[in-house]
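Below is one structure, written out as structure tokens; the observations come after it.
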Amino acid sequence: MPIDRVRLSHVLIRRIVIPRTPNDQQNVRLTVRPLATEDLDGYIAYFTRPSKADAERMGLAIDRVPSPTRLRSDLEAMIAAPLDRLRTFVLAWCIDGKAIGHSSLKDIVPGDFGSIHLHMWRADLRGKGYGPRLFCLSALDFYERFNLKRIICEPKADNPMANRMLKKIGFPLVLTHVAASSELSVVCELNRYEILRDVAERYAVAHAE
């Protein structure tokens, strides 16, 4: 079965299996799960050793990024903390069980609201069609895990891949404004998308086979 878990009233999908090209022998297994200790090296390298182009694309303020030691300490504390104490939570994006990116949920108000961010660590996997599926899995997980009513996503307005992906899925663009999208971001023009649960559910189900 391509879908591991589906509840019809509130669809929760934790895995999607995607056929590879005809030349490949197996399917690509896309999953999301809470960030784990074994994922930290990839996460830390992504933020502490970005290319100039990547930093510019995502609006990363290099001078605000903590040291690798501090990042690791903060992430280990997040992993160990109970959910009701968290204001930030991270899901690893995995292909065939290996972490290749993440979605973070920030400004969490349990039972109400969160702001989702998306990051594909590996440049060679960008533009392959994995991001939309992994993003929708993450949004559905966050809605369920924190019993949320609303999630927004605010990529840099001139980040072509993120904006194209969110529009492709069908999330509505509701606002363009100038702000910093996180504590690690520069002040810049942002596009705000409403990450509607039913839109994420429809996309995940439609692309599950």
*Which value results for Rg/Rh of the stretch 57-152 when Rg is the Cα radius of gyration and Rh the Kirkwood radius based on the inverse mean 1/r?*
0.97
*Inter-label distance for Lys149 and Met161, nm, one decimal - labels placed 7 Å from Cα along Cα-to-Cβ*: 3.5 nm
*With an 8 Å cut-off on Cα pairs and a minimum separation of 6 or more residues, tell me the relative contact order of the stretch 125-209 in percent.*
35 percent
*Please name whichever of Ser185, Met161, Ser138 sits farthest to the positive end of the charge dipole of the stretch 68-209, dipole taken about the Cα centre and charges placed at Cβ: Lys and Arg +1, Asp and Glu -1.*
Met161
*asked:* Please compute, over every Cα-Cα pair in the chain, the percentage with a separation greater than 21 angstrom.
replied: 52 percent
*Got the relative contact order for the stretch 33-164 handy, in percent, Cα pairs under 8 Å and 6 or more residues apart?*
22 percent
_Kirkwood Rh and Cα-based Rg: tell me the resulting Rg over Rh for the stretch 130-209, rounded to two decimals._
0.98
*For the chain, size of Cβ-based charge dipole, Lys and Arg +1, Asp and Glu -1, in debye*: 320 debye
*Highest-first arrangement of 90-98, 117-125, 130-138, where packing means the average Cβ count within 10 Å*: 130-138, 90-98, 117-125
*Three principal axis extents, largest first, for the C-alpha atoms of the stretch 57-106, in Å?*
30, 29, 20
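Each reported figure results from applying straightforward, stated rules to the coordinates on display, with no laboratory input. The shown structure was predicted, so the numbers you read here are calculated from the model rather than taken from an experiment. Ideal geometry is used to build each Cβ from the backbone, glycine not excepted, and the neighbour counts take in all protein chains shown.
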